[in-house]
1. Here is a list: Gly216, Gly187. Which entry is under 26 Å from the mean Cα position of the chain (by Cα) and at pLDDT below 95?
2. Only one of these is closer than 15 Å to Val177 by Cβ, in contact (Cβ under 8 Å) with a residue 60 or more places away in the chain and either within 27 Å of the chain's Cα centre (by Cα) or open to solvent by 60 Å² or more (accessible area, probe 1.4 Å) (or both): Leu131, Leu152. Name it.
3. Among the listed residues Thr73, Thr123, which satisfies the condition of being touching a Phe, Trp or Tyr at 6+ places or on another chain (Cβ under 9 Å) and among the hydroxyl-bearing types (Ser, Thr, Tyr)?
4. Inside region 159-252, counting only strands (runs of 3 or more DSSP E) that do not spill past its ends, which hold 1 or more residues that are loosely packed, with under 14 Cβ neighbours inside 10 Å and of a type in the set (Val, Ile, Thr)?
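The values are calculated or read from the model by the stated rules, or taken from the named source; none is laboratory data. Small disclaimer: the values here were computed from a predicted structure and weren't measured. Neighbour counts are summed over all protein chains in view; Cβ atoms, including those assigned to glycine, are modelled from backbone coordinates with ideal geometry. The accessibility values were calculated without ligands, DNA or RNA, using every heavy atom of the protein model including side chains. Shrake-Rupley method; radii C 1.70, N 1.55, O 1.52, S 1.80 Å.
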Amino acid sequence: LVYASVSGYGLEGPEVDTPAFDLTGFWTRSGVAAATIPPDQEPFTCRPGFGDHYTALATLSGVLAALRERDRTGRGRLVETSLLRTGYYAVSWDASQQLRYGHVATAQPRRDRPGALGGFFRTADDRWFCLVPRSLECFAALTRAIERPDLLADARFAPPIADLEVVRELRGVLDQVFSGFTLAEIGERLSRADLIWAPMATLAEVAADPQAAAAGCFTTTRDRFGGAFPAPASPARFPGLATTPHRAAPGLGEHTREVLAEAGYSEDAIAALLRAGSAIQAG
């Protein structure tokens, strides 16, 4: 038998019975929030279900690995995940540095971030985009894209920049330059220069994004009333295999008789449970 346990804080230790939501166990207790929220900002919560989904994927991966092991050995096992452990793994880039070196630079105020090119910038139409350099050569490509060869000619701005004040100066120049372009204008220039960037899209924009549709972000779910509605798809798909839900979610108690019968109850026993109100059969 392969079976799984999902908890807030694990199956061992003094806090095994401590209740948790993803907001507490995953986001706050594991270090995700502190590694994400800059220290000059008031703490904010994660979005609903954020840590739950991440932990569910971790649980699924563990169960599938255990099934493969069972195929080879014939043995089952317990698979254990927790909000705390999964959250800590989610920030393992930072956590590994903390464990190895005893300190780590996590979320920083924008003014103190050591890279002038990387991060978020605001455009003339009050939109934000994120730019991430992939190599030292990206600075030259950026100066060409924004038609500022003088920045490349200034030896102080040659990457990597060790002086934080110079970083702040260059970031201020880029802020001013980008504020003179609309998102569409600067996006076209950055894409033509083969720089890695992305607009900060709203959920409404993603819902209308043809690339998100092509990437399989959406599915259609049937309801119990003869209709259907769009919904987020699972993160993996299998080309050539339809993954759209085949039926609507059942109503509460819709399959009570079938479930009890599969559990070994006789028709008379099921009827007795229904009469006593210990079980409910809908519809």
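1. Working: Gly187 fails: at pLDDT below 95.
Result: Gly216 is the single residue among Gly216, Gly187 that is under 26 Å from the mean Cα position of the chain (by Cα) and at pLDDT below 95.
2. The match here is Leu131.
3. Working: Thr73 fails: touching a Phe, Trp or Tyr at 6+ places or on another chain (Cβ under 9 Å).
Within the list Thr73, Thr123, the selection yields Thr123.
4. Values: elements: 196-199, 218-222, 228-232.
The qualifying strands (runs of 3 or more DSSP E) are 196-199, 218-222.
Conditions tested, residue by residue: (1) within 18 Å of Arg127 (Cβ to Cβ); (2) free of Cβ contacts under 8 Å to residues at least 24 places away in the same chain.
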| position | (1), (2) |
| --- | --- |
| Val177 | yes, no |
| Phe181 | yes, no |
| Phe229 | no, yes |
| Arg237 | no, yes |
| Arg247 | no, no |
| Glu258 | no, yes |
| Tyr265 | no, yes |
| Asp268 | no, yes |
| Gln281 | no, no |
